[in-house]
Structure formats: structure tokens, C-alpha cells
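First up is the structure itself, then whatever we jot down about it.
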Amino acid sequence: MSKERWKIMLWAVSVLILVLGICGCADLFSSGKIREREPEVRQPMLTSYRFEDIPLPPGMTLIRKESFLYETRATKAGLLIYEGRGEIEKLSNFFKQQMPKYQWRLVSNFELQNVMLTFMKEGWNSIIYIVPQEGETKRIEIRVGPIEIKILPPSKE
């Protein structure tokens, strides 16, 4: 290559670098000063404080400060606490009648002054406590979590 071609090539590369530099940095300058990079704003994951497959008796209010949910794309587990009015027997019967509509099967039922209902469905366990409070108020605690059941081998005697 001749000396003249080297000068043209060097000049073209310099102009190209200058043009790319100006175009690439043009948005850095606004009103004569460099813009500060704004922090990335992450949208909080909106969590529904409900288990879609567990019905609730009417008139129950979520006690959010005492409730806890762990949620990923694949699972949702936790403890939800509700309070409201109702008779223990009617609330217990509500769950016994409604849960099977969502494929939950009642596996244990303990009732005295409090009620503890245990339901299972494929891969999941739900325990529902119904506890009397002052006056006519009842507290319903709904616990849901994954389970893995393995058949144990017979014991060797």
C-alpha cells in the first residue's frame, strides 16, 4: 500500500471512530450536563394472599400481619389467618363440604372446643384450625404445604 492510501485509510478510521463516539454518547448529555444513571426499578411481585383451591366461608377477613406466604412460579405454601363471625360447627361443615370440590380429601378431623381438619390432595397437605375468640369471633388458620409420601417397607420383627 502506498503512503497516500495509508493517510486516507487513517483519516477514514478516525472519522468513523469520531462519528461512532458522538452517536454513542449523545444521550449522555442533556442541557450541558451528564445525566446520572437512574437506578433500575424492580416491580414487586404481587402476591395474592389466597390459596385459589381453598374456599373461604363468607365474612372472613384476612389478618395479613400474621399471615405468611412463600410463592414461586411452581409452588405456593404458607399460613393464612382469617377472623370473622360464625358458629364453629357451621364453619367446620363448610370446609368438609367445600374442600372436596377442589380435590381435597379429609384425612383427619379433631373437634372439641377447637377444630382441626387435615386435608390432602396429590402432593399437598392442608391443615385448617378453627379457634373461638372473644364474643362470636372465630379465627381460621389455614396451613398449606407440599408433602411427599413414601410407602414404608414392612417392619422386620
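Here are a few things to note about the model shown:
- Residue check, Gly86 over 28 Å from the mean Cα position of the chain (by Cα) and surrounded by 14 or more Cβ atoms within 10 Å (Cβ to Cβ): yes
- Qualifying residue in the stretch 63-83 (condition: at positive phi and assigned to a strand (DSSP E or B)): yes
- In this entry, Tyr70 passes the filter for residues that are of a type in the set (Ser, Thr, Tyr) and over 25 Å from Thr137 (Cβ atoms).
Taken together, the values in this text are just the output of simple stated rules run on the coordinates, not laboratory data. The shown structure was predicted, so the numbers you read here are calculated from the model rather than taken from an experiment. For neighbour counting, all protein chains shown are included, and Cβ atoms are generated from backbone atoms with ideal geometry for every residue, glycine included.
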